[in-house]
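To keep things clear, I will list the structure first and then write my remarks on it.
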């Protein structure tokens, strides 16, 4: 399993439009083979923060979906980004 997690920061007045432009990305990801979860969401405390969380069956599934990454418009809106991939060996269900 692969988890992609972190956050990006955009100007506070750009967060709403940025998230609106991500709806189709989330929908597409959730339909992709190997996607277990995919979320792009506003941070609750920082006005410009956008949290990223993805869970995939395999690295191959991530790479098949990812393609070239964010579009030019999305990249231009990002002030900073801190997102990483994690290879998960063991999983313990909490529920």
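Which residues, counting only those in region 1-20, are in a helix (DSSP H, G or I) and out of contact with any helix residue (DSSP H, G or I) (no Cβ under 7 Å at 6 or more places or on another chain)?
12, 13, 15, 16, 17, 19, 20
Kindly list the number of the only condition in (1) modelled with pLDDT under 95; (2) part of a strand (DSSP E or B); (3) under 14 Å from residue 2 (Cβ atoms) that fails for residue 89.
(2)
Restricting to region 39-62, name every residue that is surrounded by 17 or more Cβ atoms within 10 Å (Cβ to Cβ), free of Cβ contacts under 8 Å to residues at least 40 places away in the same chain and over 12 Å from residue 6 (Cα atoms).
Of everything in region 39-62, just one residue is surrounded by 17 or more Cβ atoms within 10 Å (Cβ to Cβ), free of Cβ contacts under 8 Å to residues at least 40 places away in the same chain and over 12 Å from residue 6 (Cα atoms), namely 48.
Mind checking which residues of region 42-83 are within 14 Å of residue 17 (Cβ to Cβ), outside any helix (DSSP H, G or I) and at pLDDT 85 or above?
The answer is 42, 47, 48, 50, 78.
Kindly check whether there is at least one residue in region 43-56 that is closer than 23 Å to residue 89 by Cα and in contact with a helix residue (DSSP H, G or I) (Cβ under 9 Å, 6 or more places away or on another chain). Spell out how you get there, then give the answer.
Applying the first criterion (closer than 23 Å to residue 89 by Cα) to region 43-56 yields 52-56.
If we keep only those that are in contact with a helix residue (DSSP H, G or I) (Cβ under 9 Å, 6 or more places away or on another chain) as well, we get 54, 56.
Yes, the conditions are met somewhere in region 43-56.
The values are calculated or read from the model by the stated rules, or taken from the named source; none is laboratory data. Nothing here was measured: the structure is a model prediction, and the numbers come from that model. Here Cβ is always computed from backbone atoms with ideal geometry, including for glycine, and neighbour counts include all displayed protein chains.
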